[in-house]
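Below: the structure, in structure tokens.
The values are calculated or read from the model by the stated rules, or taken from the named source; none is laboratory data. Computed from a predicted model, the values in this text were never measured in an experiment. Note that each Cβ is placed from the backbone with ideal geometry, even for glycine, and that neighbours are counted across all protein chains shown.
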Amino acid sequence: MGNAYANGKDITIDYDADGTPLQGGQTTGSIESVGEVNYGHSDNIDDNFEDFEVEIVDGATGFGVDLGAVYEWRPDYASYASTDGANSFKHLNKYKLKFALSISDIGSINYKNGTQNTYDITGTVNEDDFENEDNLEDLLNNLYTQTSIDASEKFTLPTALHFNVDYSLNNRFYLNLNTDFSLRSNSKVNTNRIPTMVSFTPRFESKWFSFYMPVSLTQGSGAQWGAGFRAGPLYVGSGSVMTLLLSDNSKAADVYAGLKIPVYQEKPKDRDGDGIVNRKDDCPDEFGPIENNGCPWPDTDGDKVYDKDDKCPEEAGEVLNDGCPLVDSDGDDVLDEDDKCPNQPGAAENQGCPWPDTDGDGVLDKNDQCPNEMGTVANYGCPETPEVTEEVQKQLNDYAKTILFNSGKASIKAESTNVLVDIMGILKEYPEAKFTVEGHTDSVGSKATNQKLSESRAVSVRDFLNDKGIDSSRLTAVGYGEDKPIASNMYKDGRAQNRRVEINLVK
């Protein structure tokens, strides 16, 4: 919606409450300063911030993203899961060591218009003059020296790298290391930054109470020692309270409070000790495997094959036959349980069924290379490939000779599209045949130029046919230049006949 910023470089400010004498023996404060101030804003922010309207800035665009990952090392994870693989201990932290790495606020906002002014604030002004100015821009313009004016368009977000390590000494005591590193340069003016910080925090944590004491080193604030606690859903703390109590020279002070409503998980119960929690156990008082939902396996027919493995659970059978009696109804030596056609004799290789002949061409599907298309026995069940006759070859070249190109170029004229479509239709009738696309020219011009032009025109025709669906492996392009005339180059009509493209069968 808008952007305004100000920062200083090498600034020192001294204030004297009565350092400036006034008429009548009165005095007022004096403000003596040294250094440089940069002030900038987008075009929807003028001199007075009170007039700023919350609206989208015309032409302002931006992009921002956060990226992060968390890894938990759980060496005792197996002890936190039941036999059924369910996460049955949601009430406990399972990790011994947790790592978190992230980069936040990647991106920037570009404003269509903006200004940035630089001021030299070296000098002394009195307090009355200072307070009489309406806003920051008037104060800088009227009391100090403007040294430069520039465009201010790109505002970078406070990109930062965050790294966190949490170590569990046991299920109550933890050690935490947290770092925030600003990835934005302090020397850039129109940039938002977070302070770089490193903190180390021991903490005690239980279901209804926790206590922690962070020790941190923060850019601009120095070393700080804080404390905080949580009682039920309420937590209160400060990152600097211990420093404030123990030192007369502190560079920071903070306090925070919040309300956090936890949703606790109950410890699961397993009365029969089979590793399946009661709520998922169909027989919570009788030990049984997970595959049978916690109940013991039955053997209804008493053939020593459990019902879960018995394909005939109510009829005693053989263990080797999955609990069923041995049966071969069609007498093809394939037991009915394995026979896909139990009432029709067939081959064991075809699971007890006779071999089919889907297309009815007399070649069984197992030997038929084209099982869904009638063919000949000699061609392994596939239809014979049609041959390209001399009439077809002549028709191809009658079409090819009418292909027109732009003068002296390899680009095909639009009016030749229909001819090329007709050629493509013929080629599709002979899908196994391969052809050469040959380019020829007359003798006008240098031999090298004619050779290159013939090759390019042959390639243009080949590429057109490939793009329209003719397999590239079936077409080869070659140029012969002026080497293979079919008429005399002495006359106009002969030269026109020599400027041609041929499409010939590869034998």
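Worth pointing out:
- K308 satisfies every condition listed in (1) loosely packed, with under 13 Cβ neighbours inside 10 Å; (2) outside any loop (DSSP other than H, G, I, E, B) except (2).
- In the stretch 178-198, the residue that is nearest to R74 (Cα to Cα) out of those that are surrounded by fewer than 17 Cβ atoms within 10 Å (Cβ to Cβ) and more than 30 Å from the chain's Cα centre (by Cα) is V198.
- Among the residues here, N293 does not qualify as of a type outside the set (V, I, T) and crowded, with 16+ Cβ neighbours inside 10 Å.
- Going through (1) of a type outside the set (V, I, T); (2) surrounded by 12 or more Cβ atoms within 10 Å (Cβ to Cβ); (3) touching a Phe, Trp or Tyr at 6+ places or on another chain (Cβ under 6 Å) one by one, G258 falls short only on (2).
- Considering the conditions (1) free of Cβ contacts under 8 Å to residues at least 60 places away in the same chain; (2) part of a strand (DSSP E or B), N164 is excluded by exactly one of them, (1).
Yes/no matrix, rows are residues, columns are (1) under 26 Å from T196 (Cα atoms); (2) exposed (fewer than 13 other Cβ atoms within 10 Å of the Cβ); (3) out of contact with any strand residue (DSSP E or B) (no Cβ under 7 Å at 6 or more places or on another chain); (4) at pLDDT below 90:
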{"position": "S88", "(1), (2), (3), (4)": "no, no, yes, yes"}
{"position": "I106", "(1), (2), (3), (4)": "yes, no, no, no"}
{"position": "Q116", "(1), (2), (3), (4)": "no, no, no, yes"}
{"position": "L175", "(1), (2), (3), (4)": "yes, no, no, no"}
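- Elements of the type strands (runs of 3 or more DSSP E) sitting completely within the stretch 169-227 and holding at least 1 residues that are touching a Leu at 6+ places or on another chain (Cβ under 7 Å): these cover 173-182, 197-205, 222-225.
- Inter-residue pairs, beta-carbon under 6 Å, first closer than 17 Å to V34 by Cβ and in the stretch 108-130, second part of a loop (DSSP other than H, G, I, E, B) and of a type outside the set (K, R), 6+ apart: Y119/Y144; I121/Y144
- Pairs with Cβ under 9 Å, 6+ apart, first in the stretch 443-454 and without any contact (Cβ under 8 Å) to a residue 40 or more places away in the chain, second crowded, with 16+ Cβ neighbours inside 10 Å and in a helix (DSSP H, G or I): G445/L453
Matching residues to (1) touching a Pro at 6+ places or on another chain (Cβ under 8 Å); (2) exposed (fewer than 15 other Cβ atoms within 10 Å of the Cβ); (3) of a type in the set (S, T, Y):
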site	(1), (2), (3)
N406	no, yes, no
T417	no, yes, yes
I423	no, no, no
A433	no, no, no
H440	yes, no, no
V461	no, no, no
E482	no, no, no
I486	no, yes, no
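- Condition met for E373 (loosely packed, with under 11 Cβ neighbours inside 10 Å and farther than 30 Å from Q451 by Cα): no
- Residue satisfying all of: in the stretch 273-287; at pLDDT below 85 and not hydrophobic (A, V, I, L, M, F, W, C); surrounded by the fewest Cβ atoms within 10 Å (Cβ to Cβ) among these: G273
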